[in-house]
1. Just to confirm a number: summing +1 for Lys and Arg and -1 for Asp and Glu over residues other than residue 221 whose beta-carbon lies under 12 angstrom from that of residue 221, what do you get?
2. Of the peptides 386-393, 187-194, how do they stack up when ordered by the mean number of other Cβ atoms within 10 Å, highest first?
3. What number comes out for the charge environment of residue 162, summing +1 per Lys or Arg and -1 per Asp or Glu over other residues with Cβ under 12 Å away?
4. Would you please give the residues with an amide H less than 5 Å from that of residue 120, counting only those at least 5 places away or on a separate chain, with H modeled from the backbone geometry?
5. DSSP loop trypsin sites (Lys or Arg not before Pro) in the range 241-273 with at most 15 other Cβ atoms within 10 Å of their Cβ, which ones?
Amino acid sequence: MMVIRNISQALATPRILVGSLTLLGLIYILTAYSSASRVDTLYSTTSTKCTPYHTYGQLTANADIPELNRFHPFQDDCKAPQLMRALRSLAGIEPSQGVKQDGWQGENINWAKGKTVLMIGDSVVRNQLEHFCSFMNVTPQYHQFPSSGNLHKRASKQASLPHTCYIPQIDFLLISAFHFGVDEDNFWREKDQFNPPGLFEDRVDAVFLPLVQSIDTLVPMAKPHSGKNSRRSIDLIEVSSGMWDLARFASRDIVEGRSTITDFDRDQLLWFKSRIGRMIQKVVEAFPSSKVVWRGIHYPSDKNAKIDWFMGWNWDDSTKHRPFFHHNRILQLDQAARSAIADLNTYTFQSRPIEFSEWGSLLLGQHAHQQDQLHPGKSPAGWLGADMMLFELREAVFRKPRTRSYPPPPPPPLQHESPHPDSHPAPSV
């Protein structure tokens, strides 16, 4: 009996060991799957509520029927709401002929009444506002505020002035405010459309805040909010920067005889990242009750991104014609901006994180629909941008900040500034 008992114990030991190893293997697989899921949801939400523009899908373009310019997630239970279509319906605008019988059930968008959105960026943002106005059958207005500055030889004189688009049927106001990128040295002071101040943080104090405070005067039709503060508040702010920054880096490279398509130096990217962080912090400080979204850079066609159009240079001078907006550099600035926002959300804005709009990356490959050599077109970019803006506005109205699962970022770089990448004086361009 003793021999049998010992044999049974010996046979049981491997079974226990195999069972333990099996359990450990299962734990390892689940852990690995969980880690893979965290990586796979880099641009999605950790909440149960889906966020369609941060999932995988397909963007469809249609130049004739605006409602068909939509992003379609592959996830069946996470459809992108047709908010721009609903807003037009709320304003009494008839749908396009091609979608009247498509069985759309509509979207509740009454929450958009009386709302105000501020978009801070460059001519890409201004064009976005103009596209929005066109979809809503109204004419955009520009405002000589705070001053007209110098006139621009290439573009119309209002190129860098604030623009507004007011939809009276639903008391909806869209504002665009211009800035000249992350530059700290008034690099663009010789440009004809330059309106000082050049530093972003100074423009917030001298232009953006006074502009918002003067909306009741600039747009007298816009209804003031009720309560102690009768001024309209800003419900959503979209901030972007990129085209002026890419042109600035390339201009200096040309002066130094360097390529405009190779990698940025590490110091340049760290400086850009640091500037993005400080710019966002300035916006949050100036508009503490507003939701802030950073909109990613779009990708102009490499083949058609000729710098003579941007700089007003003569095409006969072959030494100057190098790409300003190469995809390699756009991607690197985009990655630096994402990293800056991840840091801010981890260390500064945990309770109400800064959102990242994937508008720019979703337009990759849509070069055939560009408005010109640099700017995205009305379709699909204009309609998609409006849909995504309204989606973020809805999140802001119902106060549902999303927390995305970013990889653990390094400590914030703002306390240890990177050296300024440009030590020589800015050339006249």
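Bear in mind these aren't lab numbers, they're just calculated from the coordinates by the rules spelled out. Because the structure is a prediction, the values reported are computed rather than measured. Ideal geometry is used to build each Cβ from the backbone, glycine not excepted, and the neighbour counts take in all protein chains shown.
1. 0
2. 386-393, 187-194
3. +2
4. Residues meeting the criterion, in which the H sits 1.01 Å from N, are 177, 238, 239, 240.
5. Hits after loop and neighbour filter: 258.
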